[in-house]
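Q: Take a look at this one; I'll ask things after.
Read-outs: derived from the displayed coordinates by stated rules, not from any lab. In this text, all values refer to a predicted model and were calculated from it rather than measured experimentally. All Cβ positions, glycine included, derive from the backbone under ideal geometry; neighbour counts span all protein chains shown.
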Amino acid sequence: MNYTDQLKREIQLKKTPKRIVSLVPSQTELLVDIGLEASIVGVTKFCVHPKHLRMSKAVVGGTKKINIEKIKALRPDIILCNKEENTKEIISELEDIALIHISDIYNLDDCFELINMYGEIFDIKRTTSTLVSNIKLERETFQVQLQNKAKLKVAYFIWKAPWMVAASENFIDVMVNEAGFSNVFEAEKRYPEIDLDNSKLKSADVIFLSSEPFPFKNDDLVELQSQFPNKTIKIVDGELFSWYGSRLLRSYNYFQTLHD
């Protein structure tokens, strides 16, 4: 059986993979939610959902630094990676161990494609098709609720010291727009460092402080509120803005609470 991953690399499988190592937290959660928990043999220390998984599966390192011998000992049939999360060096090391499937996510269509790819590779197409349909339904329902609402301008912080925001060409920016906001840094790329006197920041109606990758806390909110006393500032669930896969099912209800 021949498949391709999201980098258009060809993957040849003689049978359905039964031993999976996942090096991407959101993809690990997806595997569990589509019924493949029993097939997972290795995960990263950042695979925090579901919480019990790291106690029952081998932890093989992080997303940027792995224990290659530990992965080799697990005898995986397939290793699931991501272009942004995992380095080229890691992929190169792993290619001698098992088949590698690499995801590359920039938008929702990429998310749906990945879910359906897993459906084909792991022979659960009905399950993954249902998941994609349910996510699309949640999205459509939310879009109806957004009708006739003005788009507020938002600055979305991902880091402190230095201050960094999500600009364009990343999945967070897509989800900021999905949530019904416009990104004041959309003209810039990726994750720029900024100063707090940045004119675009001053133009924002709302400032979001993400719970990840930097774990913003209430003290950070108070600090920024003193700088911008007239702006709405909120700590938001970063996973619901940046995790693709099955967590998208929860994103749209959460976005509605932000508007409420």
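Q: For the residue pair Lys217 and Leu13, what label-to-label distance in nm results when each label sits 7 Å from Cα along the Cα-to-beta-carbon direction?
A: 4.4
Q: Could you calculate the contour length gain from Lys160 to Lys64, that is, 0.36 nm times the residue separation minus the distance between their Cα atoms, to one decimal place in nm? The partial results should precede the final answer.
A: Details: separation 96, 0.36 × 96 = 34.56 nm, distance 2.08 nm.
Working it through step by step, the gained length comes to 32.5 nm.
Q: Over the Cα atoms, compute the radius of gyration (one decimal) and Dmax (the largest Cα-Cα distance, rounded to a whole number) for segment 97-197, in Å.
A: In order Rg, Dmax, the Cα atoms of segment 97-197 give 17.2, 53 Å.
Q: State the Kirkwood hydrodynamic radius of segment 122-181 in Å, one decimal place, computed from all pairs of distinct Cα atoms.
A: For segment 122-181, inverting the mean 1/r across all distinct Cα pairs yields 14.1 Å.
Q: Can you list the equivalent-ellipsoid semi-axes of the chain, largest first and in whole Å, using the square root of 5 times each Cα gyration tensor eigenvalue? The partial results should precede the final answer.
A: Values: eigenvalues 243, 87, 49 Å².
Ellipsoid half-lengths, sorted descending, are 35, 21, 16 Å.
Q: Show me, for segment 251-260, the HN-Hα J-couplings you get by feeding each phi into the Karplus relation (A = 6.51, B = -1.76, C = 1.60, θ = phi - 60°), rounded to Hz, glycine and proline as x.
A: 4, 6, 4, 5, 4, 5, 5, 5, 6, 5
Q: Then there is this: Could you tell me whether segment 146-259 comes out rounded, prolate or oblate from its Cα gyration tensor? Rule is a ≥ b ≥ c as square roots of the eigenvalues, rounded for a/c under 1.5, then prolate if a/b exceeds b/c, otherwise oblate. Intermediate values should be presented prior to the final figure.
A: Values: a/c = 1.39, a/b = 1.31, b/c = 1.06.
Here segment 146-259 falls in the rounded category.
Q: Divide the volume of the convex hull of the Cα atoms of segment 9-105 by its number of residues and quote the answer in cubic angstrom per residue.
A: On the way: hull volume 9.2 nm³, N = 97.
Per residue, the Cα convex hull of segment 9-105 comes to 95 Å³.
Q: Another question, then. Only Lys, Arg, Asp and Glu count, each charged at its Cβ (+1, +1, -1, -1), so figure out the dipole size of the chain about its Cα centre, rounded to 20 debye.
A: Working: 34 positive and 37 negative charges, 126 e Å.
Dipole magnitude for the chain comes out near 600 debye.
Q: I've got another one for you. Mind telling me which of Leu209, Leu224, Leu131 comes out most flexible in a GNM of the chain, alpha-carbon contacts under 10 Å?
A: Of Leu209, Leu224, Leu131, the Gaussian network model singles out Leu224 as fluctuating most.
Q: Let me ask you something else. With 10 angstrom as the radius, rank His49, His101 by how many other C-beta atoms surround their C-beta, starting from the fewest. Kindly include the intermediate steps, with their values, before the conclusion.
A: Working: His49 19, His101 26.
With the sparsest Cβ surroundings first, the list reads His49, His101.
Q: Further question on the same structure: Search the structure for amide H atoms under 5 Å from the amide H of Ser182, placed 1.01 Å from N in the peptide plane, and list their residues when 5 or more places away or on another chain.
A: Amide H neighbours of Ser182: Leu152, Lys153, Val154.
Q: Mind checking the dipole of segment 145-260: about its Cα centre, +1 per Lys or Arg Cβ, -1 per Asp or Glu Cβ, Debye to the nearest 20?
A: The calculated dipole for segment 145-260 is roughly 280 debye.
Q: So, one more: Length gain on complete extension for the stretch Asn253 to Glu169, per 0.36 nm per residue less the alpha carbon to alpha carbon distance?
A: 27.8 nm
Q: Moving on to the next point. Given Cβ point charges of +1 (Lys, Arg) and -1 (Asp, Glu) and nothing else, what value in debye, to the nearest 20, does the dipole of segment 2-124 about its Cα centre take? Write out the running numbers ahead of the final one.
A: Details: 17 positive and 19 negative charges, 135 e Å.
Using only the charged Cβ atoms, the result is roughly 640 debye.
Q: Right, another one. Give a quick list of chymotrypsin sites (Phe, Trp or Tyr not before Pro) in segment 95-129 that DSSP marks as loop, anything other than H, G, I, E or B, with at most 16 other Cβ atoms within 10 Å.
A: When the chymotrypsin sites (Phe, Trp or Tyr not before Pro) of segment 95-129 are filtered for loop state and at most 16 Cβ neighbours within 10 Å, Tyr106 remain.
Q: Here is a follow-up. I'd like the trypsin sites (Lys or Arg not before Pro) in segment 98-156 restricted to DSSP loop residues with at most 15 other Cβ atoms within 10 Å, sorted by number. Let's see the in-between values first.
A: On the way: sites: Lys125, Arg126, Lys136, Arg139, Lys149, Lys151, Lys153; in loops: Lys149, Lys151.
Passing sites in segment 98-156 are Lys149, Lys151.
Q: Moving on to the next point. Just want the ordering: Tyr244, Tyr252, Tyr3, Tyr191, from fewest to most Cβ atoms lying within 10 Å of their own Cβ. Don't skip to the answer; put the middle values down first.
A: On the way: Tyr244 26, Tyr252 22, Tyr3 14, Tyr191 18.
Ranking Tyr244, Tyr252, Tyr3, Tyr191 by Cβ neighbours within 10 Å, fewest first, gives Tyr3, Tyr191, Tyr252, Tyr244.
Q: Run through segment 151-260 and list the GluC sites (Glu not before Pro) located in a DSSP loop whose Cβ has at most 14 other Cβ atoms within 10 Å.
A: On the way: sites: Glu169, Glu178, Glu186, Glu188, Glu193, Glu223, Glu239; in loops: Glu169, Glu186, Glu188.
Sites meeting the loop and neighbour criteria: Glu169.
Q: Now a separate question. For the pairs Lys14/Lys125; Lys149/Lys231; Lys45/Lys125; Lys202/Lys234; Lys18/Lys57; Lys64/Lys153, note any where the Cα-Cα span goes beyond 22 Å.
A: Numbers: Lys14/Lys125 18 Å; Lys149/Lys231 19 Å; Lys45/Lys125 29 Å; Lys202/Lys234 16 Å; Lys18/Lys57 14 Å; Lys64/Lys153 33 Å.
From the list (Lys14/Lys125; Lys149/Lys231; Lys45/Lys125; Lys202/Lys234; Lys18/Lys57; Lys64/Lys153), the Cα-Cα distance tops 22 Å for Lys45/Lys125; Lys64/Lys153.
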